[in-house]
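K.L.:
Handing you a structure now.
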Amino acid sequence: HSAEIENISEIFERDGLVSIEPPLTEDQVIAMRHYFEKSQKFSRSLSILNFDISDVVQAPHIFNLATHSQALAIAKNFLGGPASIVDLSAWRSLSEQGEKMPGSHTFHRDRDDFRACKMFLYLNDVGPNNGPHMFVKKSHDPSFVASKIEQSTLQVNDFFTGNGRAIAKFAEHIFEDCITELPGNAGMCFMENTYGLHRGKPPTAGMRQIVQVLYATIPYPNRIARLAKVGLERIPDGCDDTPLVKHALKYFLRA
């Protein structure tokens, strides 16, 4: 098992993306999907419904997902020490706006910590028209980016200044052979170094429902306060009571 994690971690370090074993059963995924379908606690931005964290932490099996042993092991290797869950989020992307959808549907980088990674889980079947996630493999690596843009007038700094949205229009051309589109069935799960360029492809039919877990070492101050408001009295049922899990949940557990 440790050799398998080491191999997966090497791929993750190199590419910035790796699929992982399904953390939840089919029934658990269905239960989580039905929970969010009934929820009314969300804010709407154009065609994206972002669920409130107070609702997200009540979703069935959410902490089983977030403390999945393989995800924690990959995150630990990537971060160089035990990972903390510093955010949980869920949202639904609808197909009302098509390609006009801005924000997270534009190639960008996340800057959540000096080093951070995310796990994504699809709650519904996501085909090519439902807004699959897209990632530019190796775009977190400055030396790789330099090798791809050497024939252009762009500089490496152009790609690593700010959140990357300013150069998004160049990404699909320069990194054409590195862009991975990730359709998949409900329950599909993957880990990503979101400092690499990524986006959600705007849905043109149906929708995409997704859950995201952010692993880092220290959350932004406003996130600490937000997580403390939904503090847990104990390790949730179904989660392993181990030092790694306790560390992962440190910002959720009441002192």
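The values are calculated or read from the model by the stated rules, or taken from the named source; none is laboratory data. Given the structure is predicted, the values throughout are model-derived calculations rather than measurements. Note that each Cβ is placed from the backbone with ideal geometry, even for glycine, and that neighbours are counted across all protein chains shown. These accessible areas exclude ligands, DNA and RNA; they are computed on the full protein's heavy atoms, side chains included. Shrake-Rupley method; radii C 1.70, N 1.55, O 1.52, S 1.80 Å.
K.L.:
Report the residue, chosen from Asp125, Asp241, Asp112, that carries the largest GNM mean-square fluctuation when the chain is represented by alpha-carbon nodes joined by springs under 10 Å.
P.N.:
Asp241
K.L.:
Over the range 153-255, with the other protein chains present, what is the accessible area per residue in square angstrom, probe 1.4 angstrom?
P.N.:
Per residue, the range 153-255 has 51 Å² of solvent-accessible surface.
K.L.:
Separate question: Run the numbers for Ala205 and Glu6: contour at 0.36 nm per residue of separation, minus the present Cα-Cα distance, in nm.
P.N.:
67.8 nm
K.L.:
Where a Cα-Cα gap under 15 Å defines reach, which aspartates and glutamates qualify for Lys138, not counting those fewer than 8 residues away within the same chain?
P.N.:
Partners found: Glu10, Glu13, Asp15, Asp110, Glu172, Glu176, Asp177, Glu181, Glu192.
K.L.:
Further question: May I have the extent of the alpha carbons of the range 21-124 along their three principal axes, as whole Å values ordered from largest to smallest?
P.N.:
Computed over the range 21-124, the largest-to-smallest principal extents equal 41, 33, 24 Å.
K.L.:
Please give the net charge around Ile53, taking every other residue with its beta carbon less than 13 angstrom from that of Ile53, where Lys and Arg add +1 and Asp and Glu add -1.
P.N.:
+1
K.L.:
Which values, in whole Å and largest first, are the semi-axes of the equivalent ellipsoid of the range 146-187 obtained as the square root of 5 times each eigenvalue of the Cα gyration tensor? Please report the intermediate quantities before stating the final value.
P.N.:
Numbers: eigenvalues 124, 35, 13 Å².
Semi-axes, largest first: 25, 13, 8 Å.
K.L.:
Let me ask something else about it. Based on Cβ point charges of +1 for Lys and Arg and -1 for Asp and Glu, what charge dipole magnitude is obtained for the range 1-121 about its Cα centre, in debye rounded to the nearest 20?
P.N.:
Result for the range 1-121 is approximately 420 debye, rounded to the nearest 20.
K.L.:
Can you tell me the convex hull volume per residue for the chain, based on C-alpha atoms, in Å³ to the nearest whole number?
P.N.:
Each residue corresponds to 128 Å³ of Cα convex hull volume.
K.L.:
Of the listed pairs Lys118/Lys148; Lys41/Lys246; Lys201/Lys246; Lys169/Lys246; Lys148/Lys246; Lys38/Lys76, which have alpha-carbon separations greater than 31 Å here?
P.N.:
Lys201/Lys246; Lys169/Lys246; Lys148/Lys246; Lys38/Lys76
K.L.:
Leaving out ligands, DNA and RNA but keeping every protein chain, what accessible area does Tyr220 have, in Å² rounded to the nearest 10, with a 1.4 Å probe?
P.N.:
100 Å²
K.L.:
Please compute the modelled spin-label separation between Arg44 and Tyr220, points set 7 Å along Cα→Cβ, answer in nm with one decimal.
P.N.:
Going from the Tyr220 label point to the Arg44 one covers 2.5 nm.
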